[in-house]
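Everything below concerns the one structure shown next.
The values are calculated or read from the model by the stated rules, or taken from the named source; none is laboratory data. Source: prediction; values computed, not measured. Note that we place each Cβ from the backbone using ideal geometry, even for glycine, and neighbour counts take in every protein chain shown.
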Amino acid sequence: MLRSWAVGALAGMVLLAYVPAMTSGFIWDDDQYVSQNVLLQTPAGLWRIWFEPQASPQYYPLVFSTFWAEHQLWGLNPTGYHVVNILLHAANAVLLFRVLSVLGVPGAFFAAALFAVHPVHVESVAWITERKNVLSGMFYLLAFLAYWRFAQSEDVAATTWRERRWGDYGLALVLFAGALLSKSVTCSLPAAILLVLWWKKGRLAFRDVAPVLPMFAVGVAAGLHTVLLEKHHVGAQGLDWQWSLLERGLIAGRAAWFYAGKLVWPQPLVFIYPKWQIDASAWWQWAISVSAVALVASLWFARRRIGRGPLVGVLFFGGTLFPALGFIDVYPMRFSFVADHFQYLASIGLITVIGAAAATLASKLRVPQPLAMLGAAVVLLALAGTTFERCFDYENEETLWAATLAENPACWMANFNLAAVRFEQQRYEEAVVLFQNAVRHEPGDVPSDGEQAAFHHSLGDTLLALGRSEEAADQFRKAEEYDRRLANSESPPSTEPHNNLGILAGKRHHVDEAIGHFQRALEIDPTDPKVNLNLGELYFRLKRFDESAACFRKVLEAEPLNARAHYNLGVLSLSVGNRQAAIEHLQQSLQIEPDFAPAQLVLRRALKE
C-alpha cells in the first residue's frame, strides 16, 4: 500500500506548482475541443463522440466524454477543466510512485516527485486540449499495475502458469483499452511490460510473451487507426511530410537528444520550437543520430557491470517517444519537429534513471540522509518554481503567443495569432508589424496557400482599419493570388479577398469593379451571406431593387436570423411602396436585435405612413 505521507506530498506538490493554471482560460485549439465543440452540448453529441470517428478533431472518445460531462457540470468555465487536468496529473505522480515502489526502483519517491513538478509537463497539464496526455497516462499506469499483479501472481514453487489471477489480466486489458481510447500513443504499453519483465528476469520465456500478444494486436490496430485519421482527417499529408527514411532518421536522433536535454535542463521551454533544417549532407546531423544509437549500444554492453536498469530506462524513453520522432506523420510537425507534450509518458524512463542514479550515488557515497533530502528539496523547489512561472504563459492567447515569440521570434503562427489578438484589441499598428512578420516566414517553414491567403487578408483588414486603403487593396490582391492556387487543390479558396476588394472598390465608387469582385466571390461560394449582403446593398444604391432583394433573400436562406438582411429588405420594400412587407421585415429584424437603432427608426416611419 502507498504511504499516506507520500500521496499527500506528491499531490500537494502538483497542486501548489500548478496554482496559476487553475484560473487560466482557453487557448489555441481549445475551441475545437471544448469551447466551440457542439458535441458537448447535447446527449446526441455523446453518441457521436463514440460512434462517429470523424465527428471530433481526433478519435479519443474517453477524452471527449470527460469534456462532455464537465460541460454539463460547469459549462464553459475553464477553471473546472484546468482543475481536472491538474488532479489527473497529481494522480499520475502518485501512480508512478506506486509503480516504481512495486518494481523496487531506488529513489522511487524522488523520481515521482521529479515527474510531478517538472516544467516540461506544463504543456500537458495547463493546456486543456492535452487532457489526452494526463487521462491516457492514468489508464496506462493503472493498466501496468494490474498486469504486474497478474504477472507476479505465479508462485513457481506452488502454482502453474494457468493458475494465475486472470481477473487482473482482464482488468489490465480494460484499462489498456481506456488508455488507447484516450490517446493511442499508449500502444507502447505491451512493449514496456516485456521490457520490464526482461529487466527483472534477465530473459523472456514464451509464457511471459504470450499474454501480451493480444495487447500488441489491439495497440497496433488503435495506432494504425490514428495514423489514418491523422493523415486523412487531421491533414498530416503533403509537402511538409515528404521526407526520406534517412531524413526521418536524422529527425529522430536530434529529437531524442532534444527531449533528453529538456529533462536535464528545462530552459527555455517554448510552445512552438523553431523548426530546424534537415540536411543529409551535414556530418554533424549524422553524428547526433549515430550518438543516440551508440548510447544504447554502450548501455547494452555495460549491462552486466552497471545493471540492466539504465538500458531499460533509455529504451522505454525512446520506444515511448517513437510515434513522435518523425517516422510517423503527425500534424503538429508542420510547425515544429518537437513539442513538450510529446514526451509526457516517455519522460518517465529518463526521470526514473535520474532518480535511481541519484539515490544509488548518495547511498554509495554515504551522504547523510538530511543532506540528501536537502539536495533533493532544492532540486524539486527549483523545478516547481519554474513550473509555477511557466503556467502564466498559458493564461490566455495573448500570454501564450507573446511568450512563444520571446523565444522563437520567427514563428509565423505565433506572429499571426498574436496579431489577431492585437487586432481585436484595436492595437492596429502593432498588429500590422506582427502580420508582416507572419508574411515574411522562414524559407524552411512555409505556410500553406490557405494560410498565406489568410495572412494577407488579415493584414489588409488591419491596414484598412488604419485608413491605408491602397495598401490594403494590395494585400487583398495577394490573398486572391493564393486563393487562385487553392482553386486547383482539394481545399476550397476563400471568398474574403474578393469580398474585401469589392468593398474597397465600392468606397472608391468603382461600381463595375466592385460588382465584379462580389460576383467572383459568389462563384466560389454562392451562399456566402457576407458577400450577398454587400452585393445586395450595392445593388440597392444603384436602384436595382430586384437583384438587391434576391441577394438579401440568399442571406436569409443561409442565416435566417440575420437582422441586417431583414432590415435591408424592410427598407427596400418601403422604397418600392410595399409598406406591409416592410413592417414585417423590420419587426423581424428587431426581434433578432431589439437594440438595432436603424430598424427602430425606419419602423416608426413605416407605421406613421
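A few notes on this one:
Each row is one residue, and each column tells you yes or no for (1) closer than 22 Å to VAL122 by Cβ; (2) touching a Lys or Arg at 6+ places or on another chain (Cβ under 6 Å); (3) of a type in the set (Gly, Ala, Ser).
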site: ALA324; (1), (2), (3): yes, no, yes
site: ALA339; (1), (2), (3): yes, no, yes
site: GLY349; (1), (2), (3): yes, no, yes
site: ILE354; (1), (2), (3): yes, no, no
site: ALA362; (1), (2), (3): no, no, yes
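- Identity of the residue in the range 298-353, among the small types (Gly, Ala, Ser) and free of Cβ contacts under 8 Å to residues at least 24 places away in the same chain, that ends up farthest from GLN242 (Cα to Cα): GLY307
- Residue match in the range 221-241 (condition: over 18 Å from LEU62 (Cα atoms), modelled with pLDDT of 90 or more and either assigned to a helix (DSSP H, G or I) or touching a strand residue (DSSP E or B) at 6+ places or on another chain (Cβ under 9 Å) (or both)): no
- Screening LEU345 with (1) farther than 30 Å from ALA438 by Cα; (2) in contact with a Ser or Thr (Cβ under 8 Å, 6 or more places away or on another chain); (3) at pLDDT below 95 gives one miss only, at (3).
- Screening the candidates ALA255, ALA177, ALA260, ALA192 for the property of being under 30 Å from GLY450 (Cβ atoms) and at pLDDT 90 or above yields one hit, ALA255.
- Taken over the range 429-458, the criterion of being over 27 Å from GLN277 (Cβ atoms), buried (at least 19 other Cβ atoms within 10 Å of the Cβ) and at pLDDT 90 or above is satisfied by ALA431, VAL432.
- Test: residue in the range 281-297 that is without any contact (Cβ under 8 Å) to a residue 60 or more places away in the chain, crowded, with 17+ Cβ neighbours inside 10 Å, farther than 23 Å from PHE316 by Cα and hydrophobic (A, V, I, L, M, F, W, C): no
- Contacts under 8 angstrom Cβ, first residue in the range 40-67 being among the polar types (S, T, N, Q), partner part of a loop (DSSP other than H, G, I, E, B), 6 or more apart: SER56/ASN37
- Considering each residue of the range 455-462 in turn, none proves to be more than 23 Å from PHE271 (Cα to Cα) and not in a helix (DSSP H, G or I).
- Residue that is assigned by TED's automatic domain parsing to the domain that holds SER458, hydrophobic (A, V, I, L, M, F, W, C), closer than 30 Å to LEU466 by Cβ and under 22 Å from the mean Cα position of the chain (by Cα), where the choices are ALA431, ALA419: ALA419
- Note on the range 255-267: residues that are surrounded by 12 or more Cβ atoms within 10 Å (Cβ to Cβ) and either outside any helix (DSSP H, G or I) or of a type in the set (A, V, I, L, M, F, W, C) (or both) amount to 7.
- The number of residues in the range 554-586 that are of a type in the set (S, T, N, Q) and either buried (at least 16 other Cβ atoms within 10 Å of the Cβ) or closer than 23 Å to THR527 by Cβ (or both) comes to 3.
- Filter result for the condition that a residue is out of contact with any Asp or Glu (no Cβ under 6 Å at 6 or more places or on another chain), in the same structural domain as LYS364 (by TED's automatic domain parsing), closer than 20 Å to THR320 by Cβ and touching a residue at least 60 places away in the same chain (Cβ under 8 Å), over ALA143, ALA90, ALA112: ALA112
- Checklist (1) of a type in the set (A, V, I, L, M); (2) at pLDDT 75 or above; (3) under 30 Å from PHE337 (Cα atoms) applied to ALA465, failing item: (3)
- Screening ARG520 on (1) at pLDDT below 85; (2) within 18 Å of GLU496 (Cβ to Cβ); (3) not assigned by TED's automatic domain parsing to the domain that holds GLU480 shows it passes everything except condition (3).
- Of the residues making up the range 242-269, those that are under 19 Å from VAL330 (Cα atoms) and either in contact with a Ser or Thr (Cβ under 6 Å, 6 or more places away or on another chain) or aromatic (Phe, Trp, Tyr) (or both) are TRP243, GLY249, LEU250, GLY253, PHE258, TYR259.
- Qualifying residue in the range 321-333 (condition: part of a loop (DSSP other than H, G, I, E, B) and touching a Pro at 6+ places or on another chain (Cβ under 9 Å)): yes
- Hits in the range 210-222 - residues which are surrounded by 13 or more Cβ atoms within 10 Å (Cβ to Cβ) and over 16 Å from SER188 (Cβ atoms): PRO211
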